[in-house]
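Data first, discussion second: the structure below is written as structure tokens.
The values are calculated or read from the model by the stated rules, or taken from the named source; none is laboratory data. Quantities reported herein were computed from a predicted structural model and do not represent experimental measurements. Cβ coordinates were reconstructed from backbone atoms using ideal geometry, including for glycine residues, and neighbour counts include every protein chain displayed. With ligands, DNA and RNA removed, areas are computed over all heavy atoms of the protein, side chains included. Shrake-Rupley method; radii C 1.70, N 1.55, O 1.52, S 1.80 Å.
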Amino acid sequence: PNTTAPLSNTSEYKEVIPFKNVIVLMDTTPPVITLISPENPSYKRGSGSLPVNVTIELKVDGTGSKPINISINGNAVPAGDISSTSDPNIVTVSTIVGFNPDGKYDLSIKAEDGAGNKSELDPKLTIYIDTKNPNISGSLNNAGKLILNLDGTGSPIEYIKVNGDDKAFTPLGNTATVDITISSTLATIEVGDKAGNKVSAIFSATWRPDH
């Protein structure tokens with residue numbers, strides 16, 4: 001008998017999806033934190049009373065991603081203290097930190113970018129708060145020289161002036177010892193420390209603090 005094979009009516013649908021080039025930016029580089037001010041280490045007295053407010057200025061480069069978190073000693077820098085730049089991955093910071101009491105402060109400054117990379121300023125920012133005037137003590141020896149013992153009381157001695165003229169000295173930490181030949185009846189001694197505190201004394205047969 002004649003047999004006819006069944007006809008197969010098969011169709012296949014394929015959707016053509018256009019493929020677009022996709023660029024994926026990988027950022028595995030930690031942010032770069034640059035300290036603009038103050039200098040490190042820094043000695044500050046403010047107005048001479050506590051607390052002492054210090055302005056800290058930074059540049060933070062996300063190196064591929066925008067910085068999203070910036071902190072100082074675990075405290076987030078307020079958004080209003082962070083400014084954008086012409087580079088979307090770089091911001092600047094100008095923020096005020098208050099310090100109380102006098103002493104040494106080591107500040108941990110950290111940043112995190114949008115890719116999750118983290119970094120910390122190295123070395124830490126060290127700030128010495130010193131609101132006290134230097135101490136002056138001394139005596140007149142038999143050779144007619146004034147022997148001065150100076151203490152910056154929290155900061156290194158920055159300068160010594162005798163009757164307005166600079167006197168060379170060798171600092172030892174925050175202290176210094178100098179001998180001065182007195183060529184006049186009175187000698188005015190002024191001493192300043194690195195934080196900006198200063199004190200003066202007038203010397204004659206004995207010395208007394210001027211302030």
(message) Here are the criteria: (1) of a type in the set (K, R); (2) under 26 Å from V60 (Cα atoms); (3) over 30 Å from the mean Cα position of the chain (by Cα). Tell me which single one K145 does not satisfy.
(response) (2)
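Answer yes or no: is there a residue in region 114-123 that is free of Cβ contacts under 8 Å to residues at least 40 places away in the same chain and either closer than 25 Å to N174 by Cβ or open to solvent by 60 Å² or more (accessible area, probe 1.4 Å) (or both). Break it down stepwise before answering.
Taking region 114-123 as the starting set, the residues that turn out to be free of Cβ contacts under 8 Å to residues at least 40 places away in the same chain are 116, 122.
Now narrow it down to the ones that are either closer than 25 Å to N174 by Cβ or open to solvent by 60 Å² or more (accessible area, probe 1.4 Å) (or both): 122.
Yes, the conditions are met somewhere in region 114-123.
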(message) For region 104-135, give me the residue count where each residue is part of a loop (DSSP other than H, G, I, E, B) and of a type in the set (D, E).
(response) 2
(request) Test I68 against the stated conditions and say whether it is at pLDDT 95 or above, closer than 26 Å to K198 by Cβ and surrounded by 12 or more Cβ atoms within 10 Å (Cβ to Cβ). (result) no
(request) Of all residues in region 27-65, count the ones that are free of Cβ contacts under 8 Å to residues at least 60 places away in the same chain, closer than 15 Å to K118 by Cα and in contact with a Gly (Cβ under 8 Å, 6 or more places away or on another chain). (result) 2
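Surrounded by 15 or more Cβ atoms within 10 Å (Cβ to Cβ), touching a residue at least 24 places away in the same chain (Cβ under 8 Å) and more than 16 Å from L121 (Cα to Cα) - does that describe any residue in region 71-87?
If we filter region 71-87 for residues that are surrounded by 15 or more Cβ atoms within 10 Å (Cβ to Cβ), which is where we start, we get 72, 77, 81-82.
Next, only the ones that are touching a residue at least 24 places away in the same chain (Cβ under 8 Å) stay: 72.
Add one more test, that the residue is more than 16 Å from L121 (Cα to Cα), and what stays is none.
Checked region 71-87: no residue is surrounded by 15 or more Cβ atoms within 10 Å (Cβ to Cβ), touching a residue at least 24 places away in the same chain (Cβ under 8 Å) and more than 16 Å from L121 (Cα to Cα).
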(request) Considering each residue of region 83-132, count those that are closer than 22 Å to G62 by Cβ and among the charged types (D, E, K, R), and give that number. (result) 8
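Suppose the filter is at pLDDT 65 or above, within 30 Å of S86 (Cβ to Cβ), out of contact with any Leu (no Cβ under 7 Å at 6 or more places or on another chain) and not in a strand (DSSP E or B); does T63 pass it?
Working: at pLDDT 65 or above: yes; within 30 Å of S86 (Cβ to Cβ): yes; out of contact with any Leu (no Cβ under 7 Å at 6 or more places or on another chain): yes; not in a strand (DSSP E or B): yes.
In short, yes.
For region 142-166, enumerate the residues that are among the hydrophobic types (A, V, I, L, M, F, W, C) and outside any strand (DSSP E or B). If you could, list the steps in order and put the result at the bottom.
Within region 142-166, the first condition is being among the hydrophobic types (A, V, I, L, M, F, W, C), and the residues that meet it are 143, 146-148, 150, 157, 160, 162.
Scanning region 142-166 gives a single hit, A143.
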(message) When you scan region 167-178, do you find a residue that is at negative phi, more than 27 Å from the chain's Cα centre (by Cα) and assigned to a strand (DSSP E or B), even just one?
(response) yes
(message) Could you check region 128-148 and list, in sequence order, the residues that are open to solvent by 70 Å² or more (accessible area, probe 1.4 Å) and either hydroxyl-bearing (S, T, Y) or over 21 Å from S49 (Cβ atoms) (or both)?
(response) L140, N142, A143, K145
